[in-house]
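The values are calculated or read from the model by the stated rules, or taken from the named source; none is laboratory data. Every value quoted in this text rests on a predicted model; they were computed, and no experiment measured them. Here the Cβ positions follow ideal geometry from the backbone for every residue, glycine too, while neighbour counts run over all protein chains shown.
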Amino acid sequence: MTFILGISGYFHDSSICLLKDGEFIEFLKEEEFTRIKGSKGFPVRALKYLINEYALTHETVDLVVFYEKPLKGWTTRTTQSLRTPKKSFKLLSHQLKEFWNGPLGFASKLRKILKISEDKIKYAPHHFSHALSALTFVEKDIAGKPMLHFVFDGVGDDNCQSIIFTHSTNASVVFEEKFPNSLGLFYSTITDFCGFLVNEGEYKLMGLAAFGKPIYADFMLQNILRHSGHRIRLDLAWFDFTHTPERSFSDKFISKFGQPISFKKVRTAEDEDFVRAANLAKSVQVVVETVIQSLVEWGVNKYECAGITITGGVAQNSLAMGNLIRHLPPHIVVTIPPSPGDSGAAIGAAHFGKVLASNQLLHTNKLYFGGQPQPSHFNILDTMFERVSAPNEMDIIIDELLIGGEIICTFFSGKEIGPRALCNRSIICSANNVSTVAKLNSKIKKREFFRPLAPVMLPETAEQFFHLSESSKKNYLWMALTAKAKDNFPPQYSAALHADKTARIQILDNKDHYIFKTLVRLKDKVDILINTSFNVSGDPIVHDFIDCYTNMERLGVEYLVTETGLFKIICPE
Amino acid sequence: MHTFAITNTVLISNSLKGKVRCLMFKTTSMSRSKNSGLTAEQILQFSLAEFSSAIEMIQAAKMVEDHKLQKGFIHHALDEYKHTNFFIGLLSKAENKRVVFDPRLIVSANFIKPERFLFEQVSLVHFAAFIATNEANALKIFTSIRDEVKKFDENALNKLDLIITEETEHLMAMEQEKFMSGGDEANFFYDTLLQDEMRHVEFSSRFLKKQPSKGYIKIIRLKSSVATRFRHLWASQQTFRNIIDKTISVFVVLLLLPFRSTIELPSKKNKNLYCNLSARNMI
């Protein structure tokens, strides 16, 4: 029995992917263990868990692959800031500390926990890790054929956008855009300006776009992010990210777009700051879609391929991905991996290790890994919950609860691989109960009023009510794309749609999944369920029964469905 | 996606550094200028201290074997989450719009070390003593900011008082129940932790005094107290440490400047990316 580990870390969302005898068996995020969302640094706790669980030793571990070339990344950022040492002193100072505490120390940190020899530690190019994470989810029959992988990132090693060509176990970079000409950093700058957290609030900006007008898009494309052909050039006068880690936008940016926006005091869609932020969000969305579309079209026209993948942090923009697929010729098979960000790049690193070790590609269709309930925490179900019904008797009760407008948490073995809740660790309710959906969004999840909730449905329901991409349908299984509602979309489910009549739908096709069976039972009564992640806003998704209890208590949700039955929380007296 | 401009997180952790008078777990001590009122940075610090305390308690609940203790830790964590939300709510009304709560700050501002949580570092008795000491600090601070919270937001003050009242009633009931039933060692700890949460410092001291080895308890309480004072002292010297940091940075940057061109790495072209030799190096 041999193992390969792929590790991502030090920037955000540290993760580990584990292969056993070449098969993908575990994917863990450090945040699941620390309970601090977006945990970065070396994933110590996830690694220790794997060492204990699988008895990992020097003998059993073949390779450990880190998801980037740390020295390349460090020198890129440092030399860039050395060009203007006085202005960039804060960033330089930050970089010097990174030299000691950052990814350059990966090997020594790893070897403190797992005693393996230096020759078993490898480093994969960052964008190649992204590309391979996507290739892992490509249909097996085309994965070995010529493929183009489009990576849209903030910055990884020294690249911001890349096209990587793979054919079986041959791979080469066919296009790269070097730092600082980054689409991801441009998007993050607007995120920062609008008052959302960088590397965390980008999806909020995406949701906001539906309320705005693209009044700045042309200006941005002509002056800030100059777009010519398939290349972009950032005018750095608008940005501060090359000078300081404290702020992304420059004074020039403020002089054009006004004071930075804060959502702390925004209450309605009529607020001046809301309108300004929505217009910026829509404008940057148009810019991002324009750039992505032109590069993808350029790539597929220049290189013959059986399919393409789109990955990197920017590929998490499901609205841009949905619009891109609608514009591409229908014969092009597009795969956006379930975890396109840095966290998922750990899968690519492990994939890289497998090819080095056995000259074979990695493939999986699984969407749920790890996160099995800890036996030592099973007592929580007995002491903090009351059992409502056993698994064989719970169907009728659950159906009644959902039809009656109740909100239910789900906790099944195996945690979702990406950032989206796919019904294993979800909070669900009927989409045809407007007041319940509103309660779930604003009172329970305490989300900003402009953010939509995502629906889950059976394949035939999705076909009936949404415009779907036939060749890239697989992406809807893990909510990688938004889909536009058809004109016949039933008004009673309108709570499942965003302001622009799109939804980031999940098609559930796994006949063994309890929620699939529930949707079949409820057919014609409740065809669409609302599905949001099982967590308190700002916290990681639940990992065990203790998290279930604390999250439900904080959220104020009573019911929990698991493989062992339906439970009701016992509230503290 | 790497965005090394960490922006908000770094901004706030930097702004906090000058003000944080505590480094870890539930130590909300901070110096305030007499006339300045409650600033957004200070409110953020309270929220981070409460949040880090919640995380430590959740971790303790996941590691402890005793089920009653586990339950106690969970409820303690829930209280701390509630307090976190209280301060986040207060923060939303603060003037400085750029100061926002980010859970990652508890690591970057050194409130917590996720590689080793407190419960993994010390024994149960030490854990209790540490909490007792730091909850006493928290009690002092919360008492001292009461008037400023009132100035800040009358409604918020009512909420703060309500939280304290509810928890006091809850814990008094628990305390009576445990002592009436005699209680085992685990329950004693559970009570102590809850009392700490309720800032009943006197009661926690009484509990620790009931431990078999009074000398030992004295020593660990002293140790906790000294350690807390030392951390506060260390944190309060941030300006001094910043000067040292800056001096070293300037020195290293000056050393690097002449070698700017040599630091830039040559780019490699058209190589098969699956290259074992290349995979061995960090470039």
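What the table shows:
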{"item": "Among (1) on the phi < 0 side of the Ramachandran plot; (2) out of contact with any Leu (no Cβ under 7 Å at 6 or more places or on another chain); (3) polar (S, T, N, Q) - the single one A:Ser389 does not satisfy", "result": "(2)"}
{"item": "Hey, A:Asn441 polar (S, T, N, Q) and more than 25 Å from A:Phe263 (Cα to Cα) or not", "result": "no"}
{"item": "Selected residue (only one of A:Ala269, A:Ala237, A:Ala278 is more than 13 Å from every other protein chain (Cβ to nearest Cβ) and within 26 Å of the chain's Cα centre (by Cα))", "result": "A:Ala278"}
{"item": "Some residue of region A:249-261 being under 17 Å from A:Ile292 (Cα atoms) and out of contact with any Lys or Arg (no Cβ under 7 Å at 6 or more places or on another chain)", "result": "no"}
{"item": "Test for A:Ala278: is it touching a residue at least 24 places away in the same chain (Cβ under 8 Å), in contact with a Gly (Cβ under 7 Å, 6 or more places away or on another chain) and aliphatic (A, V, I, L, M)", "result": "yes"}
{"item": "Cross-chain or 6+ apart pairs with Cβ under 9 Å, region A:429-449 first and on the phi > 0 side of the Ramachandran plot, then in a loop (DSSP other than H, G, I, E, B)", "result": "A:Lys446/A:Val536; A:Lys446/A:Ser537"}
{"item": "Given (1) modelled with pLDDT of 95 or more; (2) surrounded by fewer than 23 Cβ atoms within 10 Å (Cβ to Cβ), index of the condition A:Val287 fails", "result": "(2)"}
{"item": "Strands (runs of 3 or more DSSP E) wholly inside region A:1-53 that include at least 2 residues being within 19 Å of A:Val542 (Cβ to Cβ), of a type in the set (A, V, I, L, M, F, W, C) and more than 9 Å from chain B (Cβ to nearest Cβ)", "result": "A:23-29"}
{"item": "Yes/no for A:Ser182 being at the interface with another protein chain (Cβ under 8 Å from one of its Cβ atoms), touching a residue at least 12 places away in the same chain (Cβ under 8 Å), crowded, with 22+ Cβ neighbours inside 10 Å and out of contact with any Lys or Arg (no Cβ under 9 Å at 6 or more places or on another chain)", "result": "no"}
{"item": "Qualifying positions in region B:71-102 - more than 7 Å from chain A (Cβ to nearest Cβ) and free of Cβ contacts under 8 Å to residues at least 12 places away in the same chain", "result": "B:Asn85"}
{"item": "Neighbours by Cβ (under 7 Å, 6+ apart or cross-chain): first from region A:511-531, of a type in the set (Ser, Thr, Tyr); second modelled with pLDDT under 95 and assigned to a loop (DSSP other than H, G, I, E, B)", "result": "A:Tyr514/A:Phe412"}
{"item": "Filtered residue count, region B:43-70, keeping only those that are more than 13 Å from the chain's Cα centre (by Cα), more than 11 Å from chain A (Cβ to nearest Cβ) and without any contact (Cβ under 8 Å) to a residue 40 or more places away in the chain", "result": "0"}
{"item": "Region A:537-559 residues that are within 10 Å of chain B (Cβ to nearest Cβ), paired with ones that are polar (S, T, N, Q) (beta carbon under 7 Å, 6 or more apart)", "result": "A:Asp544/A:Gln374; A:Asn551/A:Asn535"}
{"item": "Verdict on A:Gly195 being surrounded by fewer than 24 Cβ atoms within 10 Å (Cβ to Cβ) and under 26 Å from A:Leu234 (Cβ atoms)", "result": "yes"}
{"item": "Residue identified as closer than 25 Å to A:Ser471 by Cβ and modelled with pLDDT of 95 or more among A:Phe66, A:Phe152", "result": "A:Phe152"}
{"item": "Hits in region B:251-278 (condition: assigned to a helix (DSSP H, G or I), modelled with pLDDT of 75 or more and more than 8 Å from chain A (Cβ to nearest Cβ))", "result": "B:Phe251, B:Leu254, B:Leu255, B:Pro258, B:Phe259, B:Ser278"}
{"item": "Hey, A:Asp141 buried (at least 23 other Cβ atoms within 10 Å of the Cβ), more than 8 Å from chain B (Cβ to nearest Cβ) and either within 30 Å of A:Ile254 (Cα to Cα) or not aromatic (Phe, Trp, Tyr) (or both) or not", "result": "no"}
{"item": "Residue in region A:361-375 that is part of a helix (DSSP H, G or I) and either more than 20 Å from A:Phe137 (Cα to Cα) or within 14 Å of chain B (Cβ to nearest Cβ) (or both) present", "result": "yes"}
{"item": "Tally, over region A:513-538, of residues that are of a type in the set (Asp, Glu) and touching a helix residue (DSSP H, G or I) at 6+ places or on another chain (Cβ under 7 Å)", "result": "1"}
{"item": "From the options A:Ser426, A:Ser339, A:Ser376, A:Ser343, residue that is modelled with pLDDT under 90, among the small types (Gly, Ala, Ser) and under 28 Å from A:Arg45 (Cα atoms)", "result": "A:Ser376"}
{"item": "Conditions (1) outside any helix (DSSP H, G or I); (2) closer than 26 Å to A:Tyr203 by Cβ; (3) of a type in the set (A, V, I, L, M); number of the one not met by A:Leu519", "result": "(1)"}
{"item": "Flag if B:Phe119 is at pLDDT 85 or above, more than 10 Å from chain A (Cβ to nearest Cβ) and within 24 Å of A:Ile380 (Cα to Cα)", "result": "yes"}
{"item": "Scope region A:456-509; condition free of Cβ contacts under 8 Å to residues at least 60 places away in the same chain and assigned to a strand (DSSP E or B); matching residues", "result": "A:Phe466, A:Ala485, A:Ala503, A:Ile507"}
{"item": "Check on B:Glu95, surrounded by fewer than 21 Cβ atoms within 10 Å (Cβ to Cβ), out of contact with any His (no Cβ under 7 Å at 6 or more places or on another chain) and at pLDDT below 80", "result": "yes"}
{"item": "Residue within region A:381-401 that is out of contact with any strand residue (DSSP E or B) (no Cβ under 8 Å at 6 or more places or on another chain), surrounded by 20 or more Cβ atoms within 10 Å (Cβ to Cβ) and assigned to a loop (DSSP other than H, G, I, E, B) present", "result": "no"}
{"item": "Whichever residue in region A:512-539 is more than 28 Å from A:Tyr549 (Cβ to Cβ) and either at pLDDT 95 or above or among the aliphatic types (A, V, I, L, M) (or both) and, among such residues, is surrounded by the most Cβ atoms within 10 Å (Cβ to Cβ)", "result": "A:Ile528"}
{"item": "Residue that is surrounded by the fewest Cβ atoms within 10 Å (Cβ to Cβ), among those in region A:160-176 that are within 15 Å of A:Thr311 (Cα to Cα) and more than 10 Å from chain B (Cβ to nearest Cβ)", "result": "A:Phe175"}
{"item": "Options A:Leu56, A:Leu63: the member that is more than 30 Å from B:Arg241 (Cα to Cα), surrounded by fewer than 23 Cβ atoms within 10 Å (Cβ to Cβ) and more than 7 Å from chain B (Cβ to nearest Cβ)", "result": "A:Leu56"}
{"item": "Per-region count, region A:66-90, residues buried (at least 22 other Cβ atoms within 10 Å of the Cβ), more than 7 Å from every other protein chain (Cβ to nearest Cβ) and either part of a loop (DSSP other than H, G, I, E, B) or of a type in the set (Asp, Glu) (or both)", "result": "3"}
